[in-house]
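Report on one structure; see the data block that follows.
The values are calculated or read from the model by the stated rules, or taken from the named source; none is laboratory data. From a predicted model like this one, the values you see are computed outputs, not experimental measurements. Here the Cβ positions follow ideal geometry from the backbone for every residue, glycine too, while neighbour counts run over all protein chains shown. Ligands, DNA and RNA are excluded from the accessible area calculation, which covers all protein heavy atoms including side chains. Shrake-Rupley method; radii C 1.70, N 1.55, O 1.52, S 1.80 Å.
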Amino acid sequence: MTNSDKPSMMSSPSFNKLIYFFTGISLIGFLDAVYLSVSHYTGHISCSVVSGCQEVLVSQYSEIFGIPLALLGAAYYLFILINSLLYIDNQNKWSKLMLSYLPIFGFVFSIYLVYLMFFVIEALCQYCLLSAGTSTLLFILGLIFIKKNKT
């Protein structure tokens, strides 16, 4: 049996579920970040679970070099979404690399932003927490992706 005859771990049913889960989570993150971006530019956000969304949205930490963090988040999630779709379509090696390692940086940045919400701004935004949750899930999926690539 040659290497080309062996069934690939990347085409197993569990791996297919993983990549589709990756796609779904990145879509949720993208939609959340787009909502936050629109809210940033309109200057108003309504919270139903916590009451600190407006404080977080207008804080000095909501932008980097004049660019809303929510907009950067939307670009990040869109990039992950496109790469997961590219990987589904043609098993693109570059996309596999991005899906494996880019969520590490997104997760670390999310930890920093959650720290700012809790300890500096002292206000919580439910949509920002949702983004941190999706970033955490993508990080976990990326680690699983790395592990499956090594087996």
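Checked against the criterion of being modelled with pLDDT of 95 or more, assigned to a helix (DSSP H, G or I), of a type outside the set (S, T, N, Q) and within 29 Å of ALA123 (Cα to Cα), the stretch 92-102 contains one or more residues that satisfy it. In the stretch 70-80 there is at least one residue that is part of a helix (DSSP H, G or I), aliphatic (A, V, I, L, M), in contact with a Cys (Cβ under 9 Å, 6 or more places away or on another chain) and at pLDDT 95 or above. Of everything in the stretch 10-23 that's under 27 Å from TYR76 (Cβ atoms) and open to solvent by 30 Å² or more (accessible area, probe 1.4 Å), which residue is modelled with the lowest pLDDT? In this case the residue turns out to be SER14.
Within the stretch 93-112, at least one residue is farther than 18 Å from TYR20 by Cα and either of a type in the set (Lys, Arg) or more than 13 Å from the chain's Cα centre (by Cα) (or both). Only a single item in (1) farther than 20 Å from ILE28 by Cβ; (2) open to solvent by 50 Å² or more (accessible area, probe 1.4 Å) is not met by ALA123, and it is number (2).
Filtering the stretch 48-62 for residues that are at pLDDT 90 or above and under 18 Å from the mean Cα position of the chain (by Cα) leaves a non-empty set.
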